[in-house]
2 protein chains.
Amino acid sequence: MQIAILLFDRFTALDAVGPYQTLNPLPDSETVFVAEQAGPVTDDSGSLTLTARKSLSEVDRPDIVVVPGGPDVPVGNEALLDWLRRVDATSTWTTSVCTGSLMLAAAGLLDGRPATTHWLYRDVLGGYGAKPTGRRVVSDGKYVTAAGVSAGIDMGLALAGRIAGDEHAQCVQLMIEYDPEPPYDAGAPEKAPAALVEMMRGQFAAPA
Amino acid sequence: MQIAILLFDRFTALDAVGPYQTLNPLPDSETVFVAEQAGPVTDDSGSLTLTARKSLSEVDRPDIVVVPGGPDVPVGNEALLDWLRRVDATSTWTTSVCTGSLMLAAAGLLDGRPATTHWLYRDVLGGYGAKPTGRRVVSDGKYVTAAGVSAGIDMGLALAGRIAGDEHAQCVQLMIEYDPEPPYDAGAPEKAPAALVEMMRGQFAAPA
């Protein structure tokens with residue numbers, strides 16, 4: 001089983017690494033980080049660089065496709081969108097984290113489907129033809145989308161359970177000691193102080 | 001403020017990226033990934049490669065030191081231990097995730113201090129002179145240690161709050177939409193099925 005995680009300039013690091021850490025232990029699997037060109041790809045803060053081992057043309061039949069997000073996902077990059085359409089034709093699962101769902105939607109893969117994304121981008125996702133929800137992980141057939149950044153951990157674990165069974169997923173959860181104790185309860189717009197939510201909405205107005 | 005995240009061969013990816021994603025937004029800060037030699041460093045699965053931008057000798061006064069773990073942390077690598085002792089002399093915070101605390105302890109920095117680590121390695125941590133606890137995040141003066149892998153997210157958020165205030169940390173939590181919904185409740189040895197815990201204890205007997 002091949003898991004392909006797409007990288008592009010200014011991706012968000014945890015969007016990619018959360019699913020990686022939870023899906024990579026799948027039995028008889030290999031994970032490949034893939035980008036338009038093989039080589040180093042730098043994240044949205046400019047401080048973290050991950051290596052794409054393969055270029056798009058070298059990865060043509062992954063079983064699982066994972067698309068991370070970022071503050072300005074390349075929804076206009078036809079090479080990436082073409083690749084997504086191509087690999088989706090034979091994938092078993094096509095997934096995203098955060099604004100990665102905008103890429104799937106821009107590729108036409110989420111038309112009319114319930115999906116999720118980073119909370120700041122729900123309307124944008126709707127604009128691309130998906131049906132945005134506020135849920136943390138949304139499955140619709142083989143399409144599994146996760147909300148912002150850290151939601152990729154929950155998505156990866158849930159998908160690992162569906163593929164390899166509950167016991168496998170529980171092993172992974174125990175190995176990464178995923179028994180969260182957030183020191184604050186501000187992880188969703190419905191829970192965070194209203195002033196913070198408004199400030200962020202102002203700061204991150206609709207992207208291009 | 002400089003945040004230095006140490007990399008070494010076979011580190012665990014999320015150990016490094018959890019604190020990165022939560023500490024990197026600190027105001028007026030820069031994060032640098034550092035390793036014995038600058039360049040690519042590959043994780044414990046062999047599939048993920050992060051770039052260390054600087055070598056140890058180029059990073060001599062970080063304000064925050066973060067040491068990730070891995071299944072076989074290089075507790076015998078004197079160059080790394082010397083660097084840890086050297087930067088600890090002037091750091092404001094010296095932190096670890098997972099078995100990263102074994103590195104701090106091997107460097108002599110946790111003697112007699114309460115600390116935590118991956119649940120499979122609590123006894124090993126005690127053998128290096130720290131006082132292991134089962135808590136998820138342990139603070140003792142400027143030393144902050146986190147339990148296994150995913151606990152680095154909680155550690156990073158808690159530390160961000162102590163450094164830059166609750167509102168900043170809540171902003172970060174909201175931005176990464178950290179409102180966890182693990183699909184299973186098996187993230188700690190006290191919660192996971194006993195058979196899984198025993199199986200893992202057998203599989204990961206005391207490391208070298």
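For this structure, a couple of remarks:
- Unmet requirement for B:L125, which otherwise passes all of (1) more than 25 Å from A:G148 (Cβ to Cβ); (2) out of contact with any Ser or Thr (no Cβ under 6 Å at 6 or more places or on another chain); (3) more than 10 Å from chain A (Cβ to nearest Cβ); (4) not in a loop (DSSP other than H, G, I, E, B): (2)
Listed here are the residues, each with its yes/no results for (1) touching a residue at least 60 places away in the same chain (Cβ under 8 Å); (2) closer than 18 Å to A:G69 by Cβ; (3) more than 10 Å from chain B (Cβ to nearest Cβ).
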{"site": "A:F8", "(1), (2), (3)": "yes, yes, yes"}
{"site": "A:L14", "(1), (2), (3)": "yes, yes, no"}
{"site": "A:G18", "(1), (2), (3)": "yes, yes, no"}
{"site": "A:V32", "(1), (2), (3)": "no, no, no"}
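- Contact annotation: residue pairs with Cβ atoms under 6 Å, 6 or more positions apart or on different chains, pairing a residue in the range A:112-130 that is touching a residue at least 40 places away in the same chain (Cβ under 8 Å) with a partner that is in a helix (DSSP H, G or I), are A:T117/A:S101; A:T117/A:L125; A:Y128/A:A105; A:Y128/A:A106.
- Any hit, the range B:192-208, residues being within 7 Å of another protein chain (Cβ to nearest Cβ), touching a Leu at 6+ places or on another chain (Cβ under 6 Å), at pLDDT 95 or above and surrounded by 19 or more Cβ atoms within 10 Å (Cβ to Cβ): yes
- Sole exception among (1) in contact with a strand residue (DSSP E or B) (Cβ under 7 Å, 6 or more places away or on another chain); (2) touching a residue at least 60 places away in the same chain (Cβ under 8 Å) for A:V137, by number: (2)
- Residue in the range A:67-88 that is under 26 Å from B:G18 (Cβ atoms) and among the charged types (D, E, K, R) present: yes
- Taken over the range A:48-69, the criterion of being open to solvent by 20 Å² or more (accessible area, probe 1.4 Å) and touching a Phe, Trp or Tyr at 6+ places or on another chain (Cβ under 8 Å) is satisfied by A:T51, A:R53, A:K54, A:D63.
- Which listed residue, of B:L50, B:L26, B:L81, is closer than 27 Å to B:L125 by Cβ, in contact with a strand residue (DSSP E or B) (Cβ under 8 Å, 6 or more places away or on another chain) and modelled with pLDDT of 95 or more: B:L50
- Residue under evaluation B:D111, criteria (1) surrounded by fewer than 21 Cβ atoms within 10 Å (Cβ to Cβ); (2) in contact with a strand residue (DSSP E or B) (Cβ under 9 Å, 6 or more places away or on another chain); (3) acidic (D, E), criterion not met: (2)
- For A:S96, the test of being open to solvent by less than 30 Å² (accessible area, probe 1.4 Å), more than 15 Å from the chain's Cα centre (by Cα) and touching a residue at least 12 places away in the same chain (Cβ under 8 Å) is failed.
- Conditions (1) within 11 Å of chain A (Cβ to nearest Cβ); (2) buried (at least 21 other Cβ atoms within 10 Å of the Cβ): number failed by B:M103: (1)
- Flag: B:V87 does not match the condition of being in a loop (DSSP other than H, G, I, E, B), more than 12 Å from chain A (Cβ to nearest Cβ), aliphatic (A, V, I, L, M) and open to solvent by less than 40 Å² (accessible area, probe 1.4 Å).
- Residue satisfying all of: in the range A:105-122; among the small types (G, A, S) and part of a loop (DSSP other than H, G, I, E, B); farthest from the chain's Cα centre (by Cα) among these: A:G112
- Single residue of the range A:17-35 satisfying the filter (farther than 22 Å from B:S150 by Cα and touching a Ser or Thr at 6+ places or on another chain (Cβ under 9 Å)) that is surrounded by the fewest Cβ atoms within 10 Å (Cβ to Cβ): A:A35
- Flag for A:Y184 being of a type outside the set (A, V, I, L, M, F, W, C), in contact with a Gly (Cβ under 6 Å, 6 or more places away or on another chain) and either surrounded by fewer than 22 Cβ atoms within 10 Å (Cβ to Cβ) or within 10 Å of another protein chain (Cβ to nearest Cβ) (or both): no
- Residues of the range A:134-179 that are aliphatic (A, V, I, L, M), over 26 Å from B:R135 (Cα atoms), in a helix (DSSP H, G or I) and open to solvent by 10 Å² or more (accessible area, probe 1.4 Å): A:I163, A:A164.
- Condition met for A:T42 (among the β-branched types (V, I, T), within 11 Å of chain B (Cβ to nearest Cβ) and assigned to a strand (DSSP E or B)): yes
- Residue match in the range A:12-26 (condition: among the polar types (S, T, N, Q) and in a strand (DSSP E or B)): no
- The listed residue being more than 10 Å from chain A (Cβ to nearest Cβ) and within 25 Å of B:P27 (Cα to Cα), out of B:I176, B:I163: B:I163
The values are calculated or read from the model by the stated rules, or taken from the named source; none is laboratory data. Predicted model, so just to flag it, every value in this text is computed and none were measured. Cβ coordinates were reconstructed from backbone atoms using ideal geometry, including for glycine residues, and neighbour counts include every protein chain displayed. To get the accessible areas, we keep the full protein, side chains included, count just its heavy atoms, and leave off ligands, DNA and RNA. Shrake-Rupley method; radii C 1.70, N 1.55, O 1.52, S 1.80 Å.
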